[in-house]
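One structure below.
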Amino acid sequence: MAVIDSWWARRPTGAGRAALRAYRHLPRSARVHATIRWWSAPFPRIAAFLPTSGRVLEIGCGHGLFSTYAALAGPGRSVVGVDIDADKIALARQAEAQLPGVDLTFRVAESGAVPTGPWDAIVIVDVLYLLPAPAQRALLHQAAAQLADGGQLLVKEMSPRPRWKAAWNRGQETLAVSVLGITEQDAAGRAAPFDFVDPSTMASWLRDAGLWTAQLRLDRHRLHPHHLVIGRVGPE
């Protein structure tokens, strides 16, 4: 019963339903991807850690569903989503056009650099694993440097543990990148090797960048090993 209740609790309501509705005029593949992302990723639990107002940046926003949801769930937020995939940004902008009056913008990322802040929050959801560990650390340090006083960095990634969930996730990602081509590949058309870094290691990187940190597992009743690492400017 607990698992059934958990799935029932994930149904899109309110801002979630409005976010998915914004994608209903997009091509079928984008609609299906947005729907799968909603059901598989704990978006509401991540967004609950965002400030209710202020400037929010999502790095690697893809089709933009999380950014769209965050903007709808927090009308006081000014949300910007960036991604290296121009095609996905074009689709995200089509969804954005269905939401007049919502403070939401999508941009193509430039040279992998973090857009200049200060940002009240920066969110990275299931992106870092596509980069080698040193590049992940560098990106997190860049992001930390663009936070406002009291700003937060939210990093939602897949943990290497428990191992059976990590194995399931790795198989799914291999299918998405190498077979279906859902996730962006490098300039030569090759899928980057996955580098799932332990959340405690990520937390240590954020502390090295001067942030206070916390960690939270988000994988209860889920097949994927979701884990959230939170970094904050200032005291605990």
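If each residue's Cβ is checked for other Cβ atoms within 10 Å, how do S204, S78 rank with the fewest at the top?
Fewest-to-most Cβ neighbours within 10 Å comes out as S204, S78.
Evaluate E = 1/(1 + (r/R0)^6) for A133 and R11, where r is the Cβ-Cβ distance and R0 equals 41 Å; express this FRET efficiency to the nearest 0.05.
Calculated transfer efficiency: 0.65.
Sorting E157, E110 on the 10 Å Cβ count, fewest up front, what's the list?
Final ranking by Cβ density, sparse to dense: E110, E157.
Would you calculate the separation in nanometres between label points at W212 and D149, each defined as 7 Å from the Cα along the Cα-to-beta-carbon direction?
1.5
Step through the residues of the range 83-92 one at a time and calculate ³J(HN,Hα) from phi using the Karplus curve (6.51 cos²θ - 1.76 cosθ + 1.60, θ = phi - 60°), rounding each to whole Hz and writing x for Gly and Pro.
Once θ is set to phi - 60°, the couplings for the range 83-92 become 7, 7, 8, 5, 5, 5, 4, 4, 5, 4 Hz.
What does the charge count around A133 come to, taking other residues whose C-beta lies under 15 Å from its C-beta (Lys +1, Arg +1, Asp -1, Glu -1)?
-3
How charged is the neighbourhood of S53? Take every other residue with its Cβ under 13 Å from the Cβ of S53, and add Lys/Arg as +1 and Asp/Glu as -1.
0
Using a 10 Å cut-off around each Cβ, can you sort V229, V102 from fewest to most neighbouring Cβ atoms?
Going from least to most buried by this count: V102, V229.
Only the coordinates and a few stated rules stand behind these numbers; no lab work does. All figures in this text were calculated on a predicted structure; none of them were measured in a lab. With ideal geometry, Cβ positions are generated from the backbone for all residues, glycine too; neighbour counts draw on all protein chains shown.
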